[in-house]
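Scroll down for the structure; my scribbles are underneath it.
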Amino acid sequence: MKDKKVLVTGSGTGLGREIALEFARRGAIVALHYAHSTVGAESAVREILEFGGRAKAFQADFTDVHQVKKLTNDAIEYLEGIDVLVNNAGATMTLEFEDVTPEQFDTVYGINVRAQFFALQTALPAMLKQGCGTVINLSSVHGFRACKGHSVYAGTKGAIIAHTRELAVELAPRGIRVNAVAPGAVPVENHFKAAGSDDMTGLAPLIPCGFAGVPLDIANVVVFLASDEARYIIGQTIIVDGGTTSWMSFSEGFHETGLRLGKGYVPGL
(Lines give C-alpha, C1' and ligand atoms only; values in the text may rest on other atoms or scores of the structure.)
Protein backbone atom coordinates (compact mmCIF):
# COMPACT_ATOMS: atom_id res chain seq x y z
CA MET A 1 0.00 0.00 0.00
CA LYS A 2 3.01 2.34 0.09
CA ASP A 3 2.08 5.72 -1.41
CA LYS A 4 -1.30 4.41 -2.61
CA LYS A 5 -3.92 7.18 -2.69
CA VAL A 6 -6.96 6.15 -0.68
CA LEU A 7 -10.34 7.74 0.12
CA VAL A 8 -12.34 6.16 2.94
CA THR A 9 -15.86 7.52 3.42
CA GLY A 10 -17.50 7.44 6.83
CA SER A 11 -14.13 7.22 8.55
CA GLY A 12 -14.81 9.33 11.63
CA THR A 13 -15.90 6.34 13.71
CA GLY A 14 -16.07 2.56 13.81
CA LEU A 15 -15.08 0.43 10.86
CA GLY A 16 -14.25 3.33 8.56
CA ARG A 17 -11.84 4.89 11.03
CA GLU A 18 -9.96 1.62 11.53
CA ILE A 19 -9.89 0.97 7.78
CA ALA A 20 -8.35 4.41 7.19
CA LEU A 21 -5.80 3.84 9.96
CA GLU A 22 -4.80 0.43 8.60
CA PHE A 23 -4.23 1.80 5.10
CA ALA A 24 -2.06 4.52 6.62
CA ARG A 25 -0.12 2.02 8.76
CA ARG A 26 0.75 0.20 5.56
CA GLY A 27 2.04 3.35 3.89
CA ALA A 28 -0.96 4.76 2.02
CA ILE A 29 -1.88 8.44 1.78
CA VAL A 30 -5.43 8.70 3.14
CA ALA A 31 -8.34 11.10 2.77
CA LEU A 32 -10.85 10.57 5.58
CA HIS A 33 -14.47 11.63 5.26
CA TYR A 34 -16.81 12.40 8.15
CA ALA A 35 -20.41 13.59 8.17
CA HIS A 36 -20.86 15.63 11.34
CA SER A 37 -18.46 15.45 14.28
CA THR A 38 -14.83 16.25 13.55
CA VAL A 39 -13.53 14.42 16.62
CA GLY A 40 -12.99 10.90 15.29
CA ALA A 41 -11.60 11.79 11.87
CA GLU A 42 -9.32 14.53 13.16
CA SER A 43 -7.95 12.28 15.92
CA ALA A 44 -7.25 9.60 13.28
CA VAL A 45 -5.42 12.18 11.15
CA ARG A 46 -3.29 13.20 14.16
CA GLU A 47 -2.48 9.56 14.86
CA ILE A 48 -1.42 9.03 11.24
CA LEU A 49 0.74 12.16 11.23
CA GLU A 50 2.39 11.11 14.48
CA PHE A 51 3.71 7.88 12.94
CA GLY A 52 4.91 9.72 9.85
CA GLY A 53 1.97 9.13 7.52
CA ARG A 54 -0.02 11.53 5.37
CA ALA A 55 -3.74 12.17 5.86
CA LYS A 56 -6.42 14.83 5.77
CA ALA A 57 -10.06 14.91 6.90
CA PHE A 58 -12.97 16.21 4.82
CA GLN A 59 -16.58 16.89 5.83
CA ALA A 60 -19.67 16.14 3.72
CA ASP A 61 -23.33 15.37 4.35
CA PHE A 62 -24.06 12.28 2.28
CA THR A 63 -27.80 12.93 2.19
CA ASP A 64 -26.86 15.56 -0.43
CA VAL A 65 -25.46 14.04 -3.63
CA HIS A 66 -23.79 17.34 -4.56
CA GLN A 67 -21.75 17.14 -1.36
CA VAL A 68 -20.85 13.53 -2.19
CA LYS A 69 -19.43 14.63 -5.52
CA LYS A 70 -17.61 17.63 -4.07
CA LEU A 71 -16.08 15.52 -1.29
CA THR A 72 -14.81 12.98 -3.84
CA ASN A 73 -13.31 15.68 -6.05
CA ASP A 74 -11.73 17.49 -3.08
CA ALA A 75 -10.18 14.23 -1.86
CA ILE A 76 -8.80 13.45 -5.32
CA GLU A 77 -7.30 16.94 -5.51
CA TYR A 78 -5.60 16.44 -2.13
CA LEU A 79 -4.39 12.94 -3.02
CA GLU A 80 -3.38 14.00 -6.55
CA GLY A 81 -5.25 11.01 -7.92
CA ILE A 82 -7.00 8.01 -6.43
CA ASP A 83 -6.01 4.34 -6.31
CA VAL A 84 -8.55 3.06 -3.81
CA LEU A 85 -12.09 4.14 -2.95
CA VAL A 86 -13.60 2.58 0.15
CA ASN A 87 -17.33 3.29 0.25
CA ASN A 88 -17.94 2.78 3.95
CA ALA A 89 -20.30 5.63 4.91
CA GLY A 90 -23.69 4.36 5.98
CA ALA A 91 -26.72 4.90 8.17
CA THR A 92 -28.81 2.35 9.99
CA MET A 93 -32.36 2.33 11.28
CA THR A 94 -34.32 -0.18 13.33
CA LEU A 95 -38.04 0.33 12.86
CA GLU A 96 -41.09 -1.80 12.21
CA PHE A 97 -41.99 -1.95 8.52
CA GLU A 98 -45.37 -0.24 8.90
CA ASP A 99 -43.84 2.69 10.81
CA VAL A 100 -41.25 3.68 8.18
CA THR A 101 -41.87 7.10 6.61
CA PRO A 102 -40.91 8.02 3.03
CA GLU A 103 -38.41 10.54 4.44
CA GLN A 104 -36.68 7.86 6.53
CA PHE A 105 -36.62 5.49 3.57
CA ASP A 106 -35.09 8.14 1.30
CA THR A 107 -32.47 9.12 3.88
CA VAL A 108 -31.15 5.60 4.46
CA TYR A 109 -31.15 4.68 0.77
CA GLY A 110 -29.59 8.06 -0.06
CA ILE A 111 -26.65 7.58 2.30
CA ASN A 112 -26.16 3.83 1.89
CA VAL A 113 -26.77 3.35 -1.84
CA ARG A 114 -26.94 6.61 -3.78
CA ALA A 115 -23.83 8.08 -2.13
CA GLN A 116 -21.76 4.96 -2.90
CA PHE A 117 -22.94 4.97 -6.49
CA PHE A 118 -22.13 8.61 -7.18
CA ALA A 119 -18.87 8.65 -5.23
CA LEU A 120 -17.58 5.98 -7.61
CA GLN A 121 -19.05 7.73 -10.64
CA THR A 122 -17.21 10.91 -9.59
CA ALA A 123 -13.92 9.06 -8.96
CA LEU A 124 -14.13 7.11 -12.21
CA PRO A 125 -12.45 9.65 -14.56
CA ALA A 126 -9.38 9.87 -12.31
CA MET A 127 -9.13 6.08 -12.14
CA LEU A 128 -9.56 5.71 -15.89
CA LYS A 129 -6.91 8.39 -16.51
CA GLN A 130 -4.33 6.37 -14.60
CA GLY A 131 -5.59 3.09 -16.07
CA CYS A 132 -6.47 1.32 -12.83
CA GLY A 133 -8.32 1.58 -9.54
CA THR A 134 -9.86 -0.48 -6.79
CA VAL A 135 -13.25 -0.01 -5.11
CA ILE A 136 -14.45 -1.73 -1.94
CA ASN A 137 -18.09 -1.19 -0.94
CA LEU A 138 -19.19 -1.97 2.60
CA SER A 139 -22.34 -4.07 2.73
CA SER A 140 -23.48 -6.25 5.66
CA VAL A 141 -24.71 -9.71 6.58
CA HIS A 142 -28.12 -7.99 6.59
CA GLY A 143 -27.90 -8.28 2.82
CA PHE A 144 -27.96 -12.07 3.17
CA ARG A 145 -30.05 -12.76 6.28
CA ALA A 146 -33.20 -11.18 7.71
CA CYS A 147 -33.56 -9.45 11.06
CA LYS A 148 -36.79 -7.90 12.33
CA GLY A 149 -36.95 -4.14 12.15
CA HIS A 150 -34.39 -3.83 9.35
CA SER A 151 -36.59 -3.75 6.24
CA VAL A 152 -35.02 -0.51 4.97
CA TYR A 153 -31.43 -1.11 6.11
CA ALA A 154 -31.32 -4.68 4.81
CA GLY A 155 -32.70 -3.52 1.47
CA THR A 156 -29.85 -1.05 1.09
CA LYS A 157 -27.25 -3.69 1.91
CA GLY A 158 -28.75 -6.06 -0.66
CA ALA A 159 -28.67 -3.26 -3.22
CA ILE A 160 -24.97 -2.70 -2.53
CA ILE A 161 -24.25 -6.38 -3.22
CA ALA A 162 -26.13 -6.15 -6.52
CA HIS A 163 -24.58 -2.93 -7.77
CA THR A 164 -21.12 -4.13 -6.70
CA ARG A 165 -21.53 -7.15 -8.96
CA GLU A 166 -22.94 -5.10 -11.83
CA LEU A 167 -20.34 -2.33 -11.72
CA ALA A 168 -17.54 -4.87 -11.39
CA VAL A 169 -18.55 -6.48 -14.66
CA GLU A 170 -18.83 -3.11 -16.39
CA LEU A 171 -15.54 -1.71 -15.09
CA ALA A 172 -13.21 -4.73 -14.96
CA PRO A 173 -12.37 -4.51 -18.68
CA ARG A 174 -11.34 -0.89 -18.03
CA GLY A 175 -8.86 -1.79 -15.30
CA ILE A 176 -11.02 -1.12 -12.25
CA ARG A 177 -11.82 -3.81 -9.71
CA VAL A 178 -14.99 -3.53 -7.63
CA ASN A 179 -15.74 -5.79 -4.65
CA ALA A 180 -17.63 -5.59 -1.37
CA VAL A 181 -17.21 -6.69 2.23
CA ALA A 182 -20.16 -7.79 4.37
CA PRO A 183 -19.30 -7.60 8.08
CA GLY A 184 -21.14 -9.58 10.71
CA ALA A 185 -21.23 -8.66 14.40
CA VAL A 186 -18.44 -6.14 14.90
CA PRO A 187 -19.40 -3.86 17.80
CA VAL A 188 -18.36 -0.21 17.43
CA GLU A 189 -19.22 3.06 19.20
CA ASN A 190 -22.76 3.29 17.84
CA HIS A 191 -23.56 -0.23 19.08
CA PHE A 192 -22.36 0.72 22.54
CA LYS A 193 -24.49 3.88 22.52
CA ALA A 194 -27.59 1.96 21.42
CA ALA A 195 -27.02 -0.78 24.00
CA GLY A 196 -26.06 1.60 26.80
CA SER A 197 -23.03 -0.57 27.54
CA ASP A 198 -19.72 -1.59 26.04
CA ASP A 199 -20.12 -5.16 27.29
CA MET A 200 -20.88 -7.23 24.17
CA THR A 201 -19.97 -10.64 25.61
CA GLY A 202 -23.58 -11.75 25.16
CA LEU A 203 -22.96 -11.88 21.40
CA ALA A 204 -20.32 -14.61 21.67
CA PRO A 205 -22.66 -17.63 22.12
CA LEU A 206 -24.63 -16.52 19.03
CA ILE A 207 -21.59 -16.65 16.73
CA PRO A 208 -20.15 -20.02 15.61
CA CYS A 209 -16.52 -18.98 16.20
CA GLY A 210 -17.42 -17.98 19.78
CA PHE A 211 -16.54 -14.28 19.66
CA ALA A 212 -17.55 -11.02 18.01
CA GLY A 213 -15.22 -9.39 15.53
CA VAL A 214 -13.25 -6.17 15.95
CA PRO A 215 -12.85 -3.38 13.36
CA LEU A 216 -9.34 -4.56 12.44
CA ASP A 217 -10.83 -7.88 11.25
CA ILE A 218 -12.74 -5.94 8.61
CA ALA A 219 -9.91 -3.51 7.85
CA ASN A 220 -7.52 -6.37 7.07
CA VAL A 221 -9.93 -7.81 4.49
CA VAL A 222 -10.55 -4.41 2.89
CA VAL A 223 -6.80 -3.76 2.56
CA PHE A 224 -6.31 -7.23 1.07
CA LEU A 225 -9.01 -6.59 -1.54
CA ALA A 226 -7.28 -3.33 -2.45
CA SER A 227 -3.95 -5.09 -2.95
CA ASP A 228 -2.46 -6.71 -6.03
CA GLU A 229 -2.76 -10.09 -4.30
CA ALA A 230 -6.53 -9.80 -4.87
CA ARG A 231 -6.22 -8.90 -8.56
CA TYR A 232 -8.35 -11.89 -9.70
CA ILE A 233 -11.22 -11.18 -7.29
CA ILE A 234 -13.90 -9.30 -9.21
CA GLY A 235 -17.49 -8.47 -8.24
CA GLN A 236 -17.49 -10.52 -5.06
CA THR A 237 -18.94 -9.78 -1.64
CA ILE A 238 -16.67 -11.26 1.02
CA ILE A 239 -18.60 -12.16 4.18
CA VAL A 240 -16.61 -11.62 7.38
CA ASP A 241 -18.91 -12.80 10.15
CA GLY A 242 -17.37 -15.58 12.26
CA GLY A 243 -19.64 -18.12 10.57
CA THR A 244 -22.95 -16.41 11.33
CA THR A 245 -24.47 -16.73 7.86
CA SER A 246 -23.27 -20.34 7.59
CA TRP A 247 -25.31 -21.41 10.61
CA MET A 248 -28.80 -22.94 10.40
CA SER A 249 -30.65 -21.23 13.22
CA PHE A 250 -32.75 -24.34 13.92
CA SER A 251 -29.87 -26.82 13.59
CA GLU A 252 -29.21 -27.48 17.28
CA GLY A 253 -32.85 -28.08 18.15
CA PHE A 254 -33.29 -30.21 15.02
CA HIS A 255 -30.23 -32.28 15.92
CA GLU A 256 -31.36 -32.83 19.52
CA THR A 257 -34.88 -33.83 18.44
CA GLY A 258 -33.47 -36.30 15.94
CA LEU A 259 -31.23 -37.87 18.57
CA ARG A 260 -34.11 -38.34 21.00
CA LEU A 261 -36.33 -39.94 18.38
CA GLY A 262 -33.71 -42.25 16.96
CA LYS A 263 -30.74 -42.10 14.66
CA GLY A 264 -31.66 -41.27 11.09
CA TYR A 265 -35.18 -40.10 11.95
CA VAL A 266 -36.15 -36.81 10.28
CA PRO A 267 -39.03 -35.08 12.15
CA GLY A 268 -41.98 -34.16 9.95
CA LEU A 269 -41.14 -36.59 7.16
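With each pseudo-label sitting 7 Å past Cα toward Cβ, what's the GLU166-GLN67 distance in nm, one decimal?
It works out to 2.6 nm between the two label points.
Among ASP228, ASP61, ASP241, whose mean-square fluctuation peaks in a Gaussian network model of the chain (Cα, cutoff 10 Å)?
Between ASP228, ASP61, ASP241, it is ASP228 that shows the largest mean-square fluctuation.
Take the chain, mark every one of the GluC sites (Glu not before Pro) that falls in a DSSP loop and has at most 13 other Cβ within 10 Å, then report the longest stretch left between them, sites excluded. Provide the component values of the computation, followed by the final result.
Working: sites that count: GLU80, GLU96.
The longest such stretch corresponds to 97-269.
Do you know the Lys pair count in the chain for C-alpha distances under 17 Å, with sequence separation 8 or more or different chains? Walk me through the intermediate numbers first.
Numbers: LYS2/LYS56; LYS4/LYS56; LYS4/LYS129; LYS5/LYS56; LYS5/LYS129; LYS56/LYS70; LYS148/LYS157.
Qualifying lysine pairs in the chain: 7.
Compute the distance in nm between two label points, each set 7 Å from the Cα along the Cα-to-Cβ direction, one at LYS129 and one at ALA204.
Rounded to a tenth, the inter-label distance reads 5.1 nm.
Rolling a 1.4 angstrom probe over the protein heavy atoms, how many square angstrom per residue are accessible across the range 1-159?
On the way: 7190 Å² over 159 residues.
Accessible area per residue, the range 1-159: 45 Å².
For the chain, set up a GNM with springs between Cα atoms under 10 Å and report which of PHE105, PHE97, PHE224 has the largest fluctuation.
Evaluated over the chain, the most mobile residue of the options is PHE97.
Out of the total accessible area of the range 1-76 (probe 1.4 Å, heavy atoms of protein only), what percent is carbon and sulfur?
Details: 1590 of 3290 Å².
In the range 1-76, the share of accessible area belonging to carbon and sulfur is 48 percent.
Let me have the 222 nm mean residue ellipticity of the chain computed from DSSP H runs of 4+ only, each contributing -39500 (n - 2.57), with the sum over all residues rounded to the nearest 500. Kindly include the intermediate steps, with their values, before the conclusion.
Working: 9 runs with 114 residues, N = 269.
Only helices count here, giving -13500 deg cm²/dmol.
Ranked from the most accessible area to the least, with a 1.4 Å probe and all protein chains present, what is the order of LEU203, LEU120?
Values: LEU203 50, LEU120 10 Å².
Sorted by accessible area, descending: LEU203, LEU120.
The values are calculated or read from the model by the stated rules, or taken from the named source; none is laboratory data. This one's a predicted model, so the numbers in the text were calculated from it and none came from an experiment. Cβ sites come from the backbone with ideal geometry, for glycine too, and all protein chains shown count toward neighbours. Ligands, DNA and RNA are stripped out before the accessible areas are found, and what is left, the full protein with its side chains, is counted by its heavy atoms. Shrake-Rupley method; radii C 1.70, N 1.55, O 1.52, S 1.80 Å.
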